1. Say each of Asp129 and Phe185 gets a label point 7 Å from the Cα, pointing the same way as Cα to Cβ; how far apart are those two points in nm?
2. Assuming R0 = 30 Å, can you tell me the calculated FRET efficiency for the pair Lys118 and Ser28, based on Cβ-Cβ distance, to the nearest 0.05?
3. Could you give the length gained on full extension between Tyr111 and Phe74, defined as 0.36 nm per residue of separation minus the Cα-Cα distance, in nm?
4. Expressed in nm², what is the orientationally averaged projection area of the convex hull enclosing the Cα positions of segment 68-131?
5. Sort Leu17, Leu210 so that the residue with the fewest other Cβ atoms within 10 Å of its own Cβ comes first and the one with the most comes last.
6. Test of understanding: ordering Lys165, Lys41 by Cβ neighbours within 10 Å, fewest first, what list do you get?
7. Give me Ile201, Ile167 ranked fewest to most by other Cβ atoms within 10 Å of their Cβ, as a rough exposure proxy.
Amino acid sequence: MISTWSTLRHIPTWSTLRRLGENKSVRSANIWAIVVPISAKLLERVQGVVTVELFGHKFPINLTLPFSWKVLFFAAIFFLLANIIFAIWCPKLIKETETYREFADQQRSIYELEVQFKGLEKAGLLSGDTIPQWLNWFSSHRQVTLSKRDDINGVSIENEGRELKEIYQIIVESLAKKNTPARLFASLFYFFGVALTAIIIIQNIMFVALHW
């Protein structure tokens, strides 16, 4: 039981998966999943060696690299599946903001943080003795805001403070650990995609080195 819990704790968070998913090659996996089969079909009749004539001399060029279209295709599929899981199950706040500065720049609602906090607290995903303190803080902030008739929907530089940054961080860290099964499958798919891509790269580096 302890071993299982320890393993679950090492599953990458949604914040980590977001950084991996932002890689251009990973994000374009849906395109590669379509392009690879088409390219393989078009190139299956291309000769392995072609001769290029340059300055009166003929140079044979080997077009056959030790790379499997199937491996590349499955790498793209794994990345695509991981991207789909991320798009569906990753919390919206993490998908759309990476830092509190981004949250504030987008003029997002403090009320959004309150809703997220209460949802996490209700689900038992928050711990610590400061939960009642933060609930009171949200309540007090809302009353002050309404009494001043300010815009409750936007976070401006003027009302930005240590408390908002801190509560944003608490919420993000808790959201990042939600949906453990989805994080596990997304992590595995990303891992398999990276592993297959690494195999292709290593094979081709070795091929070029041996035939240089």
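Read-outs throughout are calculated quantities, based only on the coordinates presented, and are distinct from any laboratory measurement. Everything numeric in this text was worked out from a predicted model, so none of it was measured. A quick note on method: Cβ atoms are made from the backbone with ideal geometry, for glycine too, and the neighbour counts reach across all protein chains shown.
1. The modelled label-to-label distance comes out at 4.1 nm.
2. Calculated value: 0.20.
3. 9.0 nm
4. 6.7 nm²
5. Leu210, Leu17
6. Numbers: Lys165 15, Lys41 10.
Ascending Cβ contact count within 10 Å gives the list Lys41, Lys165.
7. Values: Ile201 11, Ile167 21.
The fewest-first ordering by Cβ neighbours comes to Ile201, Ile167.
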